[in-house]
Amino acid sequence: MTKAGLIKFRNDFLDHDITYSFLHSPATIIAALVTLVMFVMAFGAPLFTSYTPFDPGSLNLMDAFIPPAWEDGGTALHVMGTDGQGRDIFAAILYGTQVSLTVGLLSVLLSIGIGIPLGIIAGYSGGWVDTVIMRIADIQLTIPPILIALMIDGITRTSISRDLHEVVAIPVLVASIGIASWPQYARITRSGTLVERNKDYIAAAKLIRTPVPLILLRHILPNVIGPTLIVATIGVAVAIIIEATLSFLGVGVPPTTPSLGTLIRIGNSFLFSGEWWITFFPALTLVILVLSVNLIGDWLRDTFNPKLR
Amino acid sequence: MAVLDISDLSIEFPTRRGILSAVEGLSLSIEAGEILGVVGESGAGKSLTGNAVVGLLEPPGRVSGGTIRLNGEDITHLSENAMRRVRGAQIGVIFQDPLTSLDPLYTIGRQLTQTILTHQKLSAAGARDKAIQLLSEVGIPAPERRFDAYPHEFSGGMRQRVVIALALCCDPCLIIADEPTTALDVSVQAQIIDLLKKLAREKGVATMLVTHDMGVIAETADRVAVIYSGRLVEMGKVRDVIDTPRHPYTRGLMDSIPQIGQNLRTLPNIEGAMPRLNARPEGCAFNPRCTQTLDRCFRHVPPLDTTADEQRQVACWLLTEQENRKETAYA
Amino acid sequence: MPEQVAVQVDSLKVYFDVSPPLVTRLLNKLPRQYLKAVDDLSFSITKGQTFSLVGESGCGKSTVARSVAGLCRIHDGQITINGTDADLPAARQDQRDAAEQVQMIFQSPYASLNPRWRVRDIVAEPIRAFKLARDKADERQQVARLLEQVGLSASDGEKYPHEFSGGQRQRISIARALSSRPKFLICDEPTSALDVSVQAQILNLMTQLQDELGLTYLFISHDLAVIDHMSDWVGVMYLGRICEITPKSELFANPRHPYTRMLLATVPDLQGKSNRPTITGEVPNPITPPTGCYFHPRCPHAEDRCRSERPTLQTHGPTRVACHAVQEKRL
């Protein structure tokens, strides 16, 4: 791209309504910054901490139950203190956030990967195809996603060995959360498809005998995907919560690769003996992360489709 | 005294890229029993004018200047509550789509009597009698039987009649009809036109008929106001404006309407399209499409010229030029 | 040169299933219900001419258009499109397909263009579908030429539909329709969503293209003045049936069918004639149409025979009319 082109692109970008709306929403700016910082710190964890909290060899029981740096007995070496095994809480949170974000993002990708195609096919075909797909979605919606995830997780647990389970735990978790929440994406996509399929540009494509898969891919998909992706942003926050809940219940990720939920569960048992920091900091991180992602999702929804409000 | 008197009305939309002025310095008035047609292309500002009169401008749109007087009383900046009272008691509103004006959950009888009782001191039975009388007035056959029907049980034309009956509930002195026939079939359209005419003649209602259809105006209105890009460009008696349009836009518009029996292979037309509000050129807004422009047309907005004839107003520099030349010739 | 038939439609029937849902139907022992949107309709279009269908909303004219285009499942009947051009040696299947295909111009300038596509891709879509371009450069050249042909510039291809006005979008729609070099175009109310001054531009473009490219049009409109301007032959439709097929000149000079007469009487007239006959009633519900001649409840000339026996099209001079009164020389 030429320099003039770049400058024009920059000016167009700065002048765009979306940029304007973003720059005039302080909450969204803060949320975006927080999310960005959390992303960078989680996925670049070794850059921000020298501890490897989940390598049992590097732990020293002598360091157990050190309170945060500003409390009596605290040390600057462990800013947020340590847990019962001498694990640095700050480091654990960084690695835990990494697991939570990974599970959250991958499971939403899976949900929209199932939900969008099914929604488009249901909406475009109509008739019995539509009925079958949407009734399955309806039935699934009557069961809370947590229960579905619990069920899928339970089935895999009983059908494979314990050692193998440690390896496939995260994929299973992604699959359970992903499968549990496709219906809402299918619904949004379907209702968009119902509107678009009767528009005349679809008729124009049919006139020149465009094959149906191409109509779906080139005409319908680009026009219905927007609202679905916006809802998916909020879906990431929901998926992180579901993951945390499952891990808190002990059916999520194994303790060898803990997520925020696992950390909260571990710390929970020490809450009443005074070691509040072990559960407090992971919980605070979870709240801030989910809140930020939700704020971004809300802003996207309001900016791109005020009617969804 | 005119029932409705709009003077120098301006409507604007503040946006972050600046203020868009949608209507600029518009003045018109309607006498009792008169139908004034307001005609223009979509986006010209004709519906906005109607909405401003009834206080239904959609925010962020707002009246930024001028006054609207109803029977001499200034209603330009009334509070929402006060405006609602005026709307209910003195102004009847008819919109394009009859379905959106009626509540699908209530029978039309109930909607009518409710409206009557809100604004008039009548017994329930009295209100019912009045509602039935209104329904028969707007041409609904067997109104006693139709009284308890729901809106979906009516055809499009009958629904629009019900909307008109609703607008008439409180004996309004002014009716604002915004594209009242556009959503209807041609054969029904003619019936609604006749009804509006009858109301003006028999009840002395002043009517502002907002439409894009010159044919409807020709059959219905007494006078017509032509709006282009937010400004009044020509106003006068319907026959005068249609038979001898004087503004180049009105002339082009009249020529471009296909007529039965014309037998032309090519219709005369105006090149281009009306400018968007944010791209209105300097001077006369019609100058990019006009074929006979003067230097002045690109610099100054032509004023509405009323010197020649009180009944006929045209905003065009060409005509001012001609007047001047005539005057010089006399001198 | 003998007149060639470009399009032949024989006893076309299009029924829509409007039965209540299966469970409701079984519970209440209701039969299946069909809406006869098009009921036994035949016409043919001579090459290079325009055949128009006119009627009120719900008369089935758009359904005919969609059936001829192949967008609608037909219940019965035959549609022959004889697009294969004699001077074109149709060697390749692609080319034969392209020649026999139908293109269409739609009513809404907003819904007929994919908002996510650039104009050049929209116009190139049919070229790609029928492999009419040798390579990318050839395709680009064809698109540029098409855009210029419809009065836009080649650089407009880079823009998205929302950057254009309604009239310009309709031009894009026409460019797309022409890009696969069809001989036959279906125009479904192509100007009814446009402002009058823009309507004239689009109508002129369509007649000009017809003259240049020898196109055959099936033209759908509810506007008799537009029909008069565009057509060679006109079919008047009422409730899914044709009640009169006639050369354009005859339709306006010598209308036969009482419904045609009524339609003509409803056209709002710029001369503001006031001696219009009163029009009553509305189009009945097409699911439960009247017996015999569908128009008899609104017809001033209806007799017993009209109530029981369905009239068929009979030749009267150049016109074919389905009316007992005309046949019995009562009218």
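The values are calculated or read from the model by the stated rules, or taken from the named source; none is laboratory data. None of these values were measured; they are calculated from a predicted model. Quick reminder, even Gly has a Cβ in these numbers, built from the backbone with ideal geometry, and neighbours come from all protein chains shown. The protein model used for the area step is the full one, side chains on, heavy atoms only, and it has no ligands, DNA or RNA in it. Shrake-Rupley method; radii C 1.70, N 1.55, O 1.52, S 1.80 Å.
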Listed by chain and number, the residues whose amide H is under 5 Å from that of residue C:216, excluding neighbours fewer than 5 places away on the same chain and using placed H, are C:48, C:184, C:185
Pop out the ³J(HN,Hα) list for the range C:72-79 in order, Karplus 6.51 cos²θ - 1.76 cosθ + 1.60 with θ = phi - 60°, rounded to Hz; leave Gly and Pro as x. 9, 6, 9, 7, 6, x, 9, 10
Per 5 Å bin, what percent of the C-alpha pairs of the range C:87-182 does each bin hold, from zero upward? 2, 15, 26, 24, 18, 9, 5, 2, 0
Explain nothing, just the number: relative contact order of the range C:87-182, from Cα pairs under 8 Å at least 6 residues apart, as a whole percent. 42
Which whole-number percent of Cα pairs in the range A:176-291 have a distance greater than 16 Å? 69
Rg/Rh for the range B:177-301 to two decimals, with Rh computed the Kirkwood way over all alpha-carbon pairs. 1.01
Can you find, among C:21, C:5, C:33, the residue farthest towards the positive end of the dipole of the range C:1-43? Put +1 on the C-beta of Lys and Arg, -1 on that of Asp and Glu. C:21
Where the only charges are on Cβ atoms (+1 Lys, Arg; -1 Asp, Glu), what is the dipole of chain C about its Cα centre, to the nearest 20 debye? 720
Would you kindly derive the ³J(HN,Hα) couplings of the range B:37-44 from the backbone phi angles with the Karplus curve 6.51 cos²θ - 1.76 cosθ + 1.60 (θ = phi - 60°), listing them in order in whole Hz, with x for Gly and Pro? x, 10, 10, x, 6, 5, x, 6
Kirkwood-type radius of the protein assembly as shown, with distances r between different C-alpha atoms, in Å: 33.3
Long-range alpha-carbon pairs in chain A, meaning those over 28 Å apart, account in percent for 52
In nm, give the distance between the simple-model label positions of residue B:239 and residue A:135, each being 7 Å from the Cα along the Cα-to-Cβ direction. 7.0
On protein heavy atoms with a 1.4 Å probe, the accessible surface that disappears when C meets B, both sides summed and given to 100 Å², is 3400
Would you list the membrane-span-like helices of chain A, meaning whole DSSP H runs whose alpha-carbon atoms span at least 27 Å along their axis and whose mean Kyte-Doolittle value is at least 0.5? A:89-125, A:221-249, A:277-304
Helix-derived [θ] at 222 nm for chain A: sum -39500 (n - 2.57) over DSSP H runs of at least 4, divide by residue count, nearest 500? -23500 deg cm²/dmol
Okay, which of the range B:141-156 sit inside 20 Å, backbone N to the point 7 Å along the Cα-Cβ direction of residue B:124? B:144-150
Net lengthening on full extension, residue C:271/residue C:57 (0.36 nm per residue, minus Cα-Cα): 74.5 nm
Could you compute the FRET efficiency for residue A:16 and residue B:58, with r as their C-beta to C-beta distance and R0 at 25 Å, rounded to 0.05? 0.55
Write down the accessible area per residue of chain C in Å², having rolled a 1.4 Å probe over the full set of protein chains. 43
What is the pair-distance distribution P(r) of the range B:1-132, computed from all Cα-Cα distances in 5 Å bins starting at 0, with each bin given as a whole percent? 2, 9, 16, 19, 18, 15, 11, 7, 3, 1, 0, 0
Seen from all sides and averaged, what is the projected area of the convex hull of the Cα atoms in the range C:237-331, in nm²? 6.6
When you have a sec, figure out the Kirkwood radius of the range B:187-232 from all distinct Cα pair distances and drop it here in Å to one decimal? 11.6
Please list, ordered by chain and number, the residues whose modelled amide H lies under 5 Å from the amide H of residue B:285; skip anything fewer than 5 residues away on the same chain. none
With N set to the residue count of the range C:135-251, report its C-alpha Rg divided by 2.2 N^0.38 Å to two decimal places. 1.19
Nitroxide proxy distance, nm - points 7 Å out along Cα→Cβ at residue A:58 and residue C:141: 6.6
HN-Hα couplings for the range C:134-151 via Karplus (6.51, -1.76, 1.60; θ = phi - 60°), in whole Hz with x for Gly/Pro, come out as 5, 8, 4, 5, 4, 4, 4, 5, 4, 5, 4, 5, 4, 4, 5, 4, 9, x
Positive minus negative residues near residue C:14 (Lys, Arg vs Asp, Glu; Cβ under 13 Å): +2
Considering only protein heavy atoms and a probe of 1.4 Å, how much of the accessible area of the range B:4-242 is carbon and sulfur, as a whole percent? 50
Per residue accessible area in Å² of chain B, where ligands, DNA and RNA are left out and the probe is 1.4 Å: 44
Here the FRET efficiency for residue C:75 versus residue C:329, based on Cβ atoms and R0 = 45 Å and rounded to 0.05, is 0.80
Cα pair distances in chain C, grouped into 10 Å bins until the bin that holds the longest one, percent each: 5, 23, 30, 23, 13, 5, 0
At a Förster radius of 41 Å, what calculated FRET efficiency corresponds to the Cβ-Cβ distance of residue A:229 and residue B:266, to the nearest 0.05? 0.25
Note: probe point = Cα of residue C:110 + 7 Å toward Cβ; backbone nitrogen < 11 Å; residues of the range B:94-108 passing the test are none
Just to be sure I understand: if I project the alpha-carbon convex hull of the range A:235-309 onto a plane and average over all orientations, what area do I get in nm²? 5.7
Volume of the Cα convex hull of the range C:147-193, divided per residue and given in Å³: 79
Quick check: net charge around residue C:167, other residues with Cβ under 11 Å of its Cβ, Lys/Arg +1 and Asp/Glu -1? -1
Taking every pair of Cα atoms in the range B:4-242, average 1/r, invert it to obtain the Kirkwood radius, and report Rg/Rh to two decimals. 0.97
For residue B:71, the net charge from surrounding residues (Cβ-Cβ under 12 Å; K, R +1; D, E -1) works out to -3
In degrees from 0 to 90, rounded to the nearest 10, what is the angle of the helix B:317-330 Cα long axis to the longest principal axis of chain B? 60
Top of B:180, B:59, B:143 by mean-square fluctuation, Gaussian network on chain B, Cα under 10 Å: B:59
With axes computed from alpha carbons, what is the tilt in degrees of helix B:124-137 against the longest principal axis of chain B, rounded to the nearest 10 within 0 to 90? 50
